[in-house]
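To start, the structure itself, in structure tokens.
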Amino acid sequence: MRRKITWLVTLLLALAMMSASPAAWAAPGDVPASEGFRKAVTVAGIREHQAAWQAIADANDDNRAAGTSGYDASAEYVAKQMAAAGYQVSFQEFTFGQFREAAPPELERLTPTAKTYATPADFRAFTGSGEASGEVVPIDVVMPSVGGSTSACEATDFTGTSGWNAGDIALVQRGTCPYVQKAQLAQEAGAAGLILYNEGNSPDRLDVPGNLPLGAEGIHIPGVGTSFAVGQEFFDLYQTNPPGSVTARVETNLAEDRIPTRNVIAETPGGDPDRVVVVGAHLDSVPAGPGINDNGSGSG
């Protein structure tokens, strides 16, 4: 009996959860069986769908992000295409969390000399909603930066840092582990706030991180992402002043909205339900653009 084929054109969030199951991947012996299917995928066919999504973006404020009219139109396009090809199409409705700034963030150096930083040139909001003041303590940072920093990537980075105490503000360097992991470990270590600065090891790692996510589930401490220059200032002051002399104030005000959206699921009407081929891609675009490359190509 022929295999049953399921298409999942989804939000990246949903696809990421699905990919955690190793049993979903095809065994090596199954690869030749998909040869005909793979040959049917052509560049011309992909480009045809990309053109359709570009037209949808053009008609919807250049945006196909989840929760927008552009995404809804994209999902309808996929559903119609798959139904016309003979697939059984359904929608999976759900909501997801999306953070926004309810008020502009603030970052001040209080001592040894006062300084107010500007957003977005020097920093921008990262996590939490609240205000924290305290000593700024570097956590396993490498200066001068050579790349590959593991700052705040492990819980032992905090316990092994001389001068670190619960209630301090963690000064953390961008590096090899996810931003959210650093923030989570800082919170678990009792940090009152977080200053995460760009790594500084190359020209593209000097400004405020452009891919810093806004908000993170379960992280409530106020945190900001800053340029390398801001981080270097705090680090240098920490190195040249007595303990407890370098203090700062961090304030963020993030609100979470619950956004309704849907996945598109299309299945062949026949096939063996015990031997399922799953093909997936994330249909939504990043908010900064229409998403013809990210991820119109994969969905196409």
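The values are calculated or read from the model by the stated rules, or taken from the named source; none is laboratory data. Just so it is clear, the structure is predicted and the values come from calculations on it, not from any experiment. For neighbour counting, all protein chains shown are included, and Cβ atoms are generated from backbone atoms with ideal geometry for every residue, glycine included. Each accessible area value is taken on the protein alone, full model and side chains, heavy atoms only, with ligands, DNA and RNA left out. Shrake-Rupley method; radii C 1.70, N 1.55, O 1.52, S 1.80 Å.
If you roll a 1.4 Å probe over the chain with all protein chains in place, what percent of the accessible area is carbon or sulfur? Spell out each step's value before the answer.
Working: 8180 of 14850 Å².
It is 55 percent, rounded to a whole number.
State, to one decimal in nm², a quarter of the convex hull surface area for the C-alpha atoms of segment 225-297, i.e. the direction-averaged projected area. Don't skip to the answer; put the middle values down first.
On the way: hull surface 44.1 nm².
Computed as one quarter of the Cα hull surface, the answer is 11.0 nm².
Counting only DSSP beta bridges with both residues in segment 101-221, tell me the antiparallel percent, nearest 5. Display every interim value, and only then the final one.
Values: 2 of 10 bridges.
Rounded to the nearest five, the antiparallel share is 20 percent.
Rounded, prolate or oblate for segment 191-267? Axes are the square roots of the Cα gyration tensor eigenvalues, ordered a ≥ b ≥ c, and the cut-off for rounded is a/c under 1.5. Each step should come with its number before you reach the end.
Values: a/c = 4.02, a/b = 1.89, b/c = 2.12.
Oblate.
Given 291, 278, 252, which one lies farthest toward the positive end of the charge dipole of segment 234-300, if we put +1 on the Cβ of every Lys and Arg and -1 on the Cβ of every Asp and Glu?
Final value for the positive-end residue is 252.
Number of Lys-Lys pairs in the chain under 29 Å by Cα, sequence gap 8 or more or different chains? Intermediate values should be presented prior to the final figure.
Values: 4/39; 4/80; 39/80; 115/182.
Lysine pairs, 8 or more places apart or on different chains, close enough: 4.
Say each of residue 38 and residue 229 gets a label point 7 Å from the Cα, pointing the same way as Cα to Cβ; how far apart are those two points in nm?
Reported label-point gap for residue 38 and residue 229 is 5.0 nm.
Given the Cα-Cα distance of residue 294 and residue 108 and 0.36 nm per residue of separation, how much length would full extension add, in nm?
Values: separation 186, 0.36 × 186 = 66.96 nm, distance 3.62 nm.
Extra length from residue 294 to residue 108 when fully extended: 63.3 nm.
Taking only protein heavy atoms into account and a 1.4 Å probe, give the accessible area per residue of segment 130-199 in Å².
36
Running Debye on segment 64-170 with equal point scatterers at the Cα sites and no solvent, what base-10 log of I(q)/I(0) appears at q = 0.11, 0.14, 0.23 Å⁻¹?
Debye intensities relative to I(0), on a log10 scale: -0.66, -0.82, -1.37.
Against the longest principal axis of the chain, how steep is helix 69-84, in degrees 0 to 90 to the nearest 10, with axes from Cα atoms?
Taking the Cα atoms of the chain, the angle to 69-84 is about 30 degrees.
Report, for the chain, the % of DSSP beta bridges that are antiparallel, rounded to 5. Write out the running numbers ahead of the final one.
Details: 37 of 57 bridges.
For the chain, the DSSP antiparallel bridge percentage is about 65.
Where the only charges are on Cβ atoms (+1 Lys, Arg; -1 Asp, Glu), what is the dipole of the chain about its Cα centre, to the nearest 20 debye? Don't jump to the answer; show the numbers that get you there.
On the way: 19 positive and 34 negative charges, 186 e Å.
For this selection, approximately 900 debye.
Over its Cα atoms, what ratio of radius of gyration to 2.2 N^0.38 Å does the chain give?
Numbers: Rg = 23.5 Å, N = 300, 2.2 N^0.38 = 19.2 Å.
Here the Cα radius of gyration is 1.22 times the empirical estimate.
Taking the chain as the reference, fit the longest principal axis to its C-alpha atoms, fit the long axis of helix 43-58 to the helix C-alpha atoms, and give the angle between the two in degrees, 0 to 90, nearest 10.
60
Between residue 272 and residue 80, what FRET efficiency follows from the Cβ-Cβ distance if R0 is 35 Å, with the result rounded to 0.05? Each step should come with its number before you reach the end.
Working: r = 27 Å, r/R0 = 0.77.
It comes to 0.80.
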